[in-house]
Amino acid sequence: MDALSWGQIFGRMAWQFWPVWAALILTFAVSVRFKRRLGLYGKLHDSPVGMIGFGLVMFWVFTALFSAVIMTHDPLTQVSGMKNALPGFPQKGAEGAYYLLGGDNLARDVFSRMVAGSVLVIQIAPMATVFAFMVGITLGLPAGYYGGKLDTGLSFLANLILAFPVILLFYLLVTPEIVQSGLPQYIGVVLFLFPLIFLTVLINSRLYVKPALRNLLVGLVAVIGGWLYLSLLSSPGTRIDLLPPQADALEMPGNILIVFVSVVFVNAPTVFRIVRGLVLDIKTRDYVAASQTRGEGPWYIMLWEILPNARGPLIVDFCLRIGYTTILLGTLGFFGLGLSPESPDWGSTINAGRRLLSIFVHPAIVPALALMSLVLGLNLLADGLREESLKD
Amino acid sequence: MPVFLIRRVLTMVLTALCLTFVVFYLTNLPPNLEKLAKSEASSRMSDADVESWIERNGYGRPVLVRYGEWLGLTPGWTRTEDGVTTGRCIERGQDPATAPLRCGVLQGDWGFSTVFKQPVSQIIAERLGATGLLMLWVMIVMVPASLLIGVLSGMREGSRLDRGLSVFSIASTATPEYVSGVVLIALFASSSTGLSPWLAEQGWISGKTLFMGTATSALDSGITFWNFGLPVMTIALYGIGYIARMTRASMTEVMTAQYIRTARLKGVSFGNVVMKHALRNALIAPFTVIMLQFPWLLNGVVIVETLFNYKGFGWTLVQAAGNNDIELLLAGSVVAVFVVLMTQLISDIGYVFLNPRIRVS
């Protein structure tokens, strides 16, 4: 069998991605059809920049969803004779099997590893950003609203974390010796508590006039959230091993949990500062004064009066921050921290590929371009959202 | 103003103390000390040997006391064994009686690096110089380029030039250093792909590649376009987009101001309006952004120095962190914190000087 030409390579890749194209077309058809009824999301489809960004982001989301269909090879299997194979190289002994984007220095398929890497990013980055926002909002609201000593203390803590060079912080948190001591998990114990606190306070401040419903919802949050909290944190064989394996619903591999925690830890202070700044601005508005006069509780004002009015900048920052988190995950992989060396995430793959970069370019450049396109998509999406939300 | 300065400096000192204590605590956790003992003495030590090594070398005492020793507030440890006195402040072969009581940062003694086998202060000074050189070139490339892009795209908002340059700056902020570095090496420094083989074939470049993929030689044989071009471009590219966007935002705001319209109606040419009226006011906001980019650059420097194997401060920090070199790491974090907080201070003060309407209480 001959090696494929570049045209054939792209043709075959486009064919491999068919579920993604189908899903993208469906999404855009539905969104454009009903865009007048979909609020800010619908308005996004009026801005070409926002549409391109949204398309790029959804491309990777769908790629992660359908990764099992798209991958041509197993991302971890090494095939003999395919070491550093050039793009489009046919696999010996297997009819019609090609390494579409070549092989890396351990003879694994670069294309499949790129697709598998998208799964890791799409799993971790948005979730970590949500957690960072929960932490930042829960602490930033009272800091901005009450001010005083609480604000001074929390701002000092946030600035302390921000003054750390990110990479030094990662090295200190993610090295095996520190992981062994359980420190990242203890940080996780604290950080993961915030979503629970946030939801409980959110429900309580709104529904304290209807105790029956409030008790039911808070109870649900406590039971379901608490169970998720425990099963997320506890993993057998580490310092925190609380749940029996039968009850452990979410099995997050230990090193992914640590990466997750450190990314949340790095992002939360910035979110805190943004929220605090927004609250300082909004709390001088008349509607806040009106609800204070009505006798609303402070948490009701913070969560149901101030927070909804701060949503514009927060949504834009949320998109940007997912991109930033993706970059951070890549940085972790690039320095070989946290994730296992054979993990197909983009940062680790770039790191593995850069050693032979001046001879074989493809193992490093494929994940690099993938990462860049996702972050670019998120930035364009944020730009489109900002433009559209400023229009009214 | 003096009160403001004193408060800021005090906060700085407090922050630096807290951060170094955190670093000190983390690097001195038992598993890290065990690793240090094994790498310093012998990798096949028994647990009892490790414990006695830690005890003999003064790592066994409470963390706070040893942190005080590092700072130079508490007296350094001494230990007499078989008639020989060893101690933190006693150098090998020195008479214990002549050794100073305290030796720490306050006395100017930053300790000894276990990885590089050199005094920490010497390493830090040397490597900071190398990084300073890199930073200088990055600034020389980045600041004019980003201001130019920002002003050009901000002077006529919504024009085709503006759209094109905005997309460029978004793309450059979306490309972290490890991505742009890899892409640039593939384009310019690979002998098999990119532009270099084509250029060599045409006979336009004498060597095999347009740029070098490593910057190691820049420290020994001097900086050339050939070995320093790619690292500088890689760091600058990430910063350009951000500063350009800030400049654009401030430029568009200034261009809609009343006095600009007045100047235009008076008959001043567009070029003169931009150069003489708008530019000065539009460059206040980017100044802060450029100053606050320094900590970011520090981050980029670590990645780029690792990627291009340039032995500067970032590279040293990675080596120190990877090998748990406690005293070098502490000194490195002091420097990093100092850079971050100093730039914040300078940007605040500079802002007041540039914009007389703002007063610091």
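The values are calculated or read from the model by the stated rules, or taken from the named source; none is laboratory data. Keep in mind the model is a prediction, meaning the values are calculated, not measured. Here Cβ is always computed from backbone atoms with ideal geometry, including for glycine, and neighbour counts include all displayed protein chains.
Numbers below:
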{"item": "Any hit, the stretch B:53-66, residues being in contact with a strand residue (DSSP E or B) (Cβ under 6 Å, 6 or more places away or on another chain) and modelled with pLDDT under 80", "result": "no"}
{"item": "Yes/no for residue B:216 being polar (S, T, N, Q) and modelled with pLDDT of 85 or more", "result": "no"}
{"item": "Single residue of the stretch A:297-345 satisfying the filter (assigned to a loop (DSSP other than H, G, I, E, B) and away from chain B (no Cβ under 14 Å)) that is nearest to residue A:373 (Cα to Cα)", "result": "A:344"}
{"item": "Residue list for the stretch B:1-42, filter: at the interface with another protein chain (Cβ under 10 Å from one of its Cβ atoms), within 30 Å of residue B:56 (Cβ to Cβ) and within 24 Å of the chain's Cα centre (by Cα)", "result": "B:19, B:22, B:23, B:25, B:26, B:27"}
{"item": "Residues located in the stretch B:232-271, provided they are small (Gly, Ala, Ser) and either assigned to a helix (DSSP H, G or I) or at positive phi (or both)", "result": "B:236, B:239, B:241, B:244, B:249, B:250, B:263, B:267, B:271"}
{"item": "Filter pass, residue A:118 being more than 13 Å from residue A:363 (Cβ to Cβ), of a type in the set (S, T, N, Q), buried (at least 16 other Cβ atoms within 10 Å of the Cβ) and under 23 Å from the mean Cα position of the chain (by Cα)", "result": "yes"}
{"item": "Some residue of the stretch A:8-17 being modelled with pLDDT under 85 and under 23 Å from the mean Cα position of the chain (by Cα)", "result": "no"}
{"item": "Those residues of the stretch B:158-184 which are more than 10 Å from chain A (Cβ to nearest Cβ) and aliphatic (A, V, I, L, M), in sequence order", "result": "B:161, B:165, B:184"}
{"item": "Residue within the stretch A:44-65 that is closer than 27 Å to residue A:341 by Cα, in contact with a Cys (Cβ under 9 Å, 6 or more places away or on another chain) and in contact (Cβ under 8 Å) with a residue 12 or more places away in the chain present", "result": "yes"}
{"item": "Test: residue in the stretch A:185-192 that is closer than 20 Å to residue A:336 by Cα, out of contact with any His (no Cβ under 6 Å at 6 or more places or on another chain) and at the interface with another protein chain (Cβ under 10 Å from one of its Cβ atoms)", "result": "no"}
{"item": "Test: residue in the stretch A:194-206 that is surrounded by 18 or more Cβ atoms within 10 Å (Cβ to Cβ), in contact with a Gly (Cβ under 9 Å, 6 or more places away or on another chain) and among the small types (Gly, Ala, Ser)", "result": "yes"}
{"item": "Verdict on residue B:345 being among the hydrophobic types (A, V, I, L, M, F, W, C) and either under 12 Å from the mean Cα position of the chain (by Cα) or within 11 Å of chain A (Cβ to nearest Cβ) (or both)", "result": "no"}
{"item": "Any pair with Cβ under 7 angstrom, 6 or more apart, that starts in the stretch A:110-125 at a residue that is in contact (Cβ under 8 Å) with a residue 12 or more places away in the chain and ends at one that is among the β-branched types (Val, Ile, Thr) and not in a helix (DSSP H, G or I)", "result": "A:111/A:72; A:112/A:72"}
{"item": "Meets criteria (more than 10 Å from chain A (Cβ to nearest Cβ) and not in a helix (DSSP H, G or I)) for residue B:309", "result": "yes"}
{"item": "Residues that are among the acidic types (Asp, Glu) and either free of Cβ contacts under 8 Å to residues at least 60 places away in the same chain or under 21 Å from residue B:327 (Cβ atoms) (or both), drawn from the stretch A:142-188", "result": "A:177"}
{"item": "Selection count where residues are modelled with pLDDT under 90, touching a Leu at 6+ places or on another chain (Cβ under 7 Å) and either surrounded by fewer than 20 Cβ atoms within 10 Å (Cβ to Cβ) or of a type outside the set (A, V, I, L, M) (or both), scope the stretch A:364-386", "result": "1"}
{"item": "Out of B:289, B:334, B:301, B:340, sole residue that is assigned to a helix (DSSP H, G or I) and either under 28 Å from residue B:37 (Cβ atoms) or basic (Lys, Arg) (or both)", "result": "B:334"}
{"item": "Members of the stretch B:102-122 that are loosely packed, with under 14 Cβ neighbours inside 10 Å and under 21 Å from residue B:78 (Cα atoms)", "result": "B:106, B:108"}
{"item": "Residue that is modelled with pLDDT of 80 or more and crowded, with 20+ Cβ neighbours inside 10 Å, where the choices are A:128, A:23, A:29", "result": "A:128"}
{"item": "Condition check for residue A:222: under 26 Å from the mean Cα position of the chain (by Cα), surrounded by fewer than 17 Cβ atoms within 10 Å (Cβ to Cβ) and not hydroxyl-bearing (Ser, Thr, Tyr)", "result": "yes"}
{"item": "Matching residues in the stretch B:1-51 - criterion: being of a type in the set (D, E, K, R) and over 19 Å from residue A:173 (Cα atoms)", "result": "B:7, B:8, B:38, B:40, B:44, B:47, B:49, B:51"}
{"item": "Residue list for the stretch A:260-280, restricted to those being within 17 Å of residue A:165 (Cβ to Cβ) and in contact with a Pro (Cβ under 7 Å, 6 or more places away or on another chain)", "result": "A:262"}
{"item": "Filter result (free of Cβ contacts under 8 Å to residues at least 60 places away in the same chain and either more than 10 Å from chain B (Cβ to nearest Cβ) or part of a helix (DSSP H, G or I) (or both)) within the stretch A:351-370", "result": "A:351, A:354, A:364, A:365, A:368, A:369"}
{"item": "Selected residue (only one of A:338, A:323, A:333, A:312 is within 26 Å of the chain's Cα centre (by Cα) and on the phi > 0 side of the Ramachandran plot)", "result": "A:338"}
{"item": "Residues satisfying the stated conditions in the stretch A:143-153, i.e. part of a helix (DSSP H, G or I) and surrounded by fewer than 20 Cβ atoms within 10 Å (Cβ to Cβ)", "result": "A:146, A:148, A:149, A:150, A:151, A:152, A:153"}
{"item": "Candidates A:389, A:348, filtered to the one that is over 22 Å from the mean Cα position of the chain (by Cα), more than 8 Å from chain B (Cβ to nearest Cβ), modelled with pLDDT under 90 and assigned to a helix (DSSP H, G or I)", "result": "A:389"}
{"item": "Residue B:79 vs. criteria at pLDDT below 80, surrounded by 14 or more Cβ atoms within 10 Å (Cβ to Cβ), in contact with a Gly (Cβ under 7 Å, 6 or more places away or on another chain) and not polar (S, T, N, Q)", "result": "yes"}
{"item": "Some residue of the stretch B:269-284 being buried (at least 18 other Cβ atoms within 10 Å of the Cβ), within 12 Å of chain A (Cβ to nearest Cβ), of a type in the set (A, V, I, L, M, F, W, C) and without any contact (Cβ under 8 Å) to a residue 40 or more places away in the chain", "result": "no"}
